[in-house]
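The values are calculated or read from the model by the stated rules, or taken from the named source; none is laboratory data. Everything quoted here is computed from the prediction, not taken from an experiment. For neighbour counting, all protein chains shown are included, and Cβ atoms are generated from backbone atoms with ideal geometry for every residue, glycine included. Note: accessible area is taken over every heavy atom of the protein model, side chains too, but ligands, DNA and RNA are not part of it. Shrake-Rupley method; radii C 1.70, N 1.55, O 1.52, S 1.80 Å.
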Amino acid sequence: MDLTLMVWRQKSADAPGKLDQYAAKGISREMSFLEMLDVVNEGIVKAGGDPIAFDHDCREGICGTCSQVINGVPHGIEERTTVCQLHMRHFKDGDTIYIEPWHGKAFPVVRDLIVDRSALDRLIQSGGYVSVHTGGVPDANAILIPKGDADTAMDAAECIGCGACVAACPNGSAMLFVAAKVTQLASLPQGRVEASERVRGMIDKMSDEGFGNCSNHYECQAACPKGVKVSFIAKLNREYMKSWF
Amino acid sequence: MPETVSRGIGSSTVGRKILMAVTGQMMILFAVIHVVGNSTIYFSGLNSYAEHLHELVPLVWATRFVMLPALLLHVFFGVQLALENNSAKESGYSVNTNLRSTFASRNMIWSGTLIAAFLVYHLMHFTFQVISPEAAASANADALGRPDVAGMVIYALRSYVVSLVYIFSLTGLFLHLAHGAQSSFQSLGLSNEGAEPAISKGGYSVALVIFIAYVLIPVLVVLGIVKG
């Protein structure tokens, strides 16, 4: 099939960016979205141009590196799908596709479709971990964890840190990302020890990094490729209140 | 984990979200009590209600002392959060696709502004009674010698323009509560995956019931059905 791409091109963080038009010809339905871009880039390089820069790594939907807003939706309109797992069969011959980078003050553009997401790493550094002593490996069943708590922690741990929640949020908030990490660790006895410092540290860091405030639009849950739920944000709010007592 | 001094509630992003929810719920409660009182107009009881309410001077002033700070906090943080959110996401995408957000949720600052402007008008009109002084309840007594509140309200709402102002402003209130009522439960952590659909529908229903209860007054007065 033949498609028209409108792709955001921007040389650097400070340079002005704009949408450029590209023709993607002879694309097969079986290709992934990134393979389609690879084909387009080959054409651009052969013609002597600069290829479209985009982030990608595992290409199997688990690393959280790919980050493109396709027709206004982070990772495209298919539910629970990363860009690399989005296939061209979801598009029609003759479609025009708009491809843009994640938007948000905390995510400055590096080049074209690549944004700097290290603000998420700094959020993790502000409390998204547990402090444990090194040494002998503890016995596997020394700390018993109820099945329900383990399930909640695992559901929250599904977050791959891609930042689609921030990109989708009209306020550029990272609440779902923070909520997932806080819920994952606060649901387990190992994480409860530092629960108060963690929730306050991460919440304050979120504002310091330039993320916006959550106003419960729930766009994040709809855009999340891993189906992380906004109920974790309610849990985050409870954890914040608990941290004062 | 390093010990750090954390922000207070009034500067924390989640702290302010909780304050918005608490003050918002206080005002929803006020709106419900206010409309129950107003509904006495259907049974020609508004003057009696107003007279009895104003005999409870300490209660009236206690309510004002609680509601005014709540309102001011809600407005202050609402504007502050909206400005921060605008700067955190300066531009949208070329294709505007909304997955879960609603017209109501994206326009809270504007529906809030409409409500604030209406509140000033409404207080000038029926509390300070400076907009149509010729019909002011404080200057006109009813047959029993009480301030004629019903007469003042009906005199005002018989005008199509005034009624339209009220109906338009109440639409703003409906939009604000359609998002705000359910959103406040999420902000207070009173939600989970199972309860979320019920809270969303419940919040919308509360907004709808409050809207209908209020909007019937100008509608029925302007149609000449409620005559006082």
Problem - Inter-chain Cβ neighbour average for residues B:80-88, partner chain, 10 Å - result: 6
Practice task
Please grab the % of Cα pairs in the range A:118-242 that end up more than 17 Å from each other.
Solution key: 56
Completion exercise
For A:ARG80 and A:ASP50, extending 7 Å from Cα along the Cα-Cβ vector and measuring point to point gives, in nm, a value of 3.9
Exercise for the section: For the range B:42-84 and the range A:191-245, write down the distance between their C-alpha centroids in whole Å. Expected result: 33
Problem - Test item: Cα-centred dipole of the range A:144-229, Lys/Arg +1 and Asp/Glu -1 on Cβ, debye - result: 100
Completion exercise
Between the alpha carbon centres of the range A:99-151 and the range A:11-86 the gap in Å comes to 25
Practice task
Compute the accessible area per residue over the protein assembly as shown, keeping the other protein chains in place, probe 1.4 Å, unit Å².
Solution key: 49
Practice task
Mind putting a number on the dipole of chain B about its Cα centre? Charges go on the C-beta only, +1 for Lys and Arg and -1 for Asp and Glu, and I need it in Debye to the nearest 20.
Solution key: 340
Handout entry: Long pairs among A:LYS46/A:LYS92; A:LYS25/A:LYS46; A:LYS226/B:LYS201; A:LYS181/A:LYS226; A:LYS181/A:LYS235, criterion Cα-Cα beyond 19 Å
Key = A:LYS46/A:LYS92; A:LYS226/B:LYS201
Exercise for the section: With r as the distance between the Cβ atoms of A:GLN125 and B:LEU29 and R0 = 25 Å, compute the FRET efficiency 1/(1 + (r/R0)^6) and round to 0.05. Expected result: 0.05
Problem - Partners for B:LYS89 among aspartates and glutamates (Cα-Cα distance below 16 Å; same-chain residues under 8 apart left out) - result: A:GLU100, A:ASP116, A:ASP208, A:GLU209, A:GLU219
Practice task
Could you state how much accessible area A:MET6 has, in square angstrom rounded to the nearest 10, with a 1.4 Å probe and all protein chains kept in place?
Solution key: 40
Fill in the blank from the handout: Counting sequence-distant residues (5 or more places) and residues on other chains, those with an amide H built under 5 Å from that of A:TYR98 are A:MET6, A:ASN71
Practice task
At 1.4 Å probe size, with no ligands or nucleic acids counted, give the accessible surface of A:TRP8 in Å², nearest ten.
Solution key: 60
Problem - Shielding of B:4-17 by partner chains, average beta-carbon count, 10 Å - result: 6
Exercise for the section: Compare B:HIS179, A:HIS90, B:HIS34, B:HIS74 by solvent-accessible area with a 1.4 Å probe and give them largest first, with all protein chains kept in place. Expected result: A:HIS90, B:HIS34, B:HIS74, B:HIS179
Problem - Average beta-carbon neighbours from other chains, 10 Å sphere, peptide A:205-212 - result: 4
Exercise for the section: State the percentage of accessible surface on the protein assembly as shown attributable to carbon and sulfur atoms; use a 1.4 Å probe and exclude ligands, DNA and RNA. Expected result: 63
Exercise for the section: Using just the helices of the protein assembly as shown, give the 222 nm mean residue ellipticity in deg cm²/dmol: DSSP H runs with n ≥ 4 each add -39,500 (n - 2.57), and the total is spread over all residues, rounded to 500. Expected result: -16000 deg cm²/dmol
Exercise for the section: Using a 10 angstrom cutoff on alpha carbons, build the Gaussian network for chain B and name the most mobile of B:GLY189, B:GLY24, B:GLY172. Expected result: B:GLY189
Practice task
Within chain A, what's the longest run with no GluC sites (Glu not before Pro) in a DSSP loop and at most 16 other beta-carbon atoms within 10 Å? Give the range, please.
Solution key: A:159-245
Problem - Exposure rank, largest accessible area first [B:ILE131, B:ILE33, A:ILE124, B:ILE210; 1.4 Å] - result: B:ILE33, B:ILE131, A:ILE124, B:ILE210
Exercise for the section: Please report, in cubic angstrom per residue, the volume enclosed by the convex hull of the alpha-carbon atoms of chain B. Expected result: 175
Practice task
Taking every pair of alpha-carbon atoms in chain A, give the share separated by more than 24 Å as a whole percent.
Solution key: 50
